Amino acid sequence: MKRFNVAVVGATGVVGREMIKTLEQRNFPVNKIKLLATERSAGTEISFRGEKIKVETAKSGVFDGVDIALFSAGSNASKELAPIAVKEGAVVIDNSNAFRMDTDVPLVVPEINPEKIKEHNGIIANPNCSTIQMVVPLKPIYDEVGIDRIIVSTYQAVSGTGKDAIEELLQQTKAYINKEELTSRVYPYQIAFNVLPQIDVFEENNYTREEMKIVHETRKIFNDNDLKITATAVRVPVINGHSESVYIETKEHICIEKLRSLLRNTKGVKLIDEVENLKYPLPIITENEDDVLVGRLRKDLSIKNGINMWVAANNLRKGAALNAIQIAEELIKII
Ligand code: L14
């Protein structure tokens, strides 16, 4: 079997570490691995398949001989280094927001549009975590009866922001219990025992960038610019695992029983919908979970084709690292 030289850019971050773990767990055919990060983190040792690997500084020249470069070091690092990596011969799978909406960059969720991968010009974008976990369960419904409109509200964990945000939530929780003063550095307000209706920066239209990412990316992935969609993105004091309240209006009618059987047969989805046993998706049960969990399926009682559902997924895995590596798995079939 052919083996590939893989680089992970942002190797010391929460998504980078999850990428390394996922490459191991899924037995990705890695020949050599290169772990890259900013100069500040260079020298850190991370183990891969029982071997300790030293993290190197990500800069031009290091991508020589690299087949696939997995980027998760933020938009600025991607904008600066991804074109360099491409020039040095790598195919970049980028987890940041830098290139997602570029027309010549495929935006891929392998369960939905794997055929786009072959259209890449060196860069393939991984969608936003909140987009991914919403489109995976909506795809079979979209194909079966059509979707006219989506209203989504997210309940996003702090791990999406990174390790400093996890630390901030833990510190604030401890300080609160000890009746000490709470300090906020990562978020504009206290996140412990609070919810923040802001993720990423505000745009001119008064939506946050996170909300607009969900709108634009969903249309691009479904290849449907007429799709009516609106989002509210909220940060909650959860360490890991994003949840979403997803409301859809379908074009044609679909009964809940049919919807259940559709989702039961959808790859990448796990239906947990037994209210009689209090079973429904929860962020804490997404810990070792690759699938998107879906439950609380119910009809909108006030309108004909409205459906409510509750979705939870591990934002570091399916929302980021796993989706990126699934893209890589598809990519190596064609390179
Ligand atoms: O991938 O949770 O565009 O703060 C940027 C914001 C990921 C989540 C992205 C967060 C998002 C992140």
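Summary table
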| read-out | value |
| --- | --- |
| For region 180-335, share of DSSP beta bridges that run antiparallel, in % to the nearest 5 | 85 |
| Charge context of residue 291, other residues only, Cβ under 10 angstrom, K/R +1, D/E -1 | +2 |
| Residue 261 accessible area, assembled protein chains, probe 1.4 Å, Å² | 50 |
| Over the chain, relative contact order from alpha-carbon pairs under 8 Å, at least 6 apart, % | 18 |
| GNM top mover of 97, 178, 315 - the chain, alpha-carbon springs below 10 Å | 178 |
| Whichever lysines have a C-alpha closer than 20 Å to that of residue 59, once near sequence neighbours (fewer than 8 apart) are set aside | 32, 34, 79, 87 |
| Within straight-line cross-link reach of residue 174, aspartates and glutamates at Cα separation under 17 Å, skipping those fewer than 8 residues along the same chain | 164 |
| Net charge over other residues, Cβ less than 11 angstrom from the Cβ of residue 233 (K, R count +1; D, E count -1) | -1 |
| Calculated SAXS-style log₁₀ I(q)/I(0) at q = 0.10 Å⁻¹ - the chain, Debye, Cα scatterers | -0.59 |
| Among beta bridges that DSSP assigns inside the chain, antiparallel share in %, nearest 5 | 50 |
| Separation between Cα centres of region 13-69 and region 136-215, rounded to whole Å | 28 |
| Leading residue at positive end of dipole, the chain (Cβ point charges), from 8, 160, 29 | 29 |
| Hypothetical label at residue 261: residues of region 277-309 whose amide nitrogen lies under 11 Å (7 Å Cα-Cβ projection) | none |
| Relative contact order (%) - region 4-138, alpha-carbon pairs under 8 angstrom, separation at least six | 20 |
| Cross-link pairs 21/163; 220/304; 118/251; 139/213 - those with Cα-Cα distance over 23 Å | 220/304; 118/251 |
| Cα gyration tensor category, rounded, prolate or oblate, for region 28-173 with a/c compared to 1.5 | oblate |
| Rounded to 10°, Cα long-axis angle of helix 322-331 versus longest principal axis of the chain | 70 |
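The values are calculated or read from the model by the stated rules, or taken from the named source; none is laboratory data. Model, not experiment: these values are computed from the prediction. Reconstructed Cβ throughout: ideal geometry from the backbone, glycine too, with neighbour counts over all protein chains shown. The protein model used for the area step is the full one, side chains on, heavy atoms only, and it has no ligands, DNA or RNA in it. Shrake-Rupley method; radii C 1.70, N 1.55, O 1.52, S 1.80 Å.
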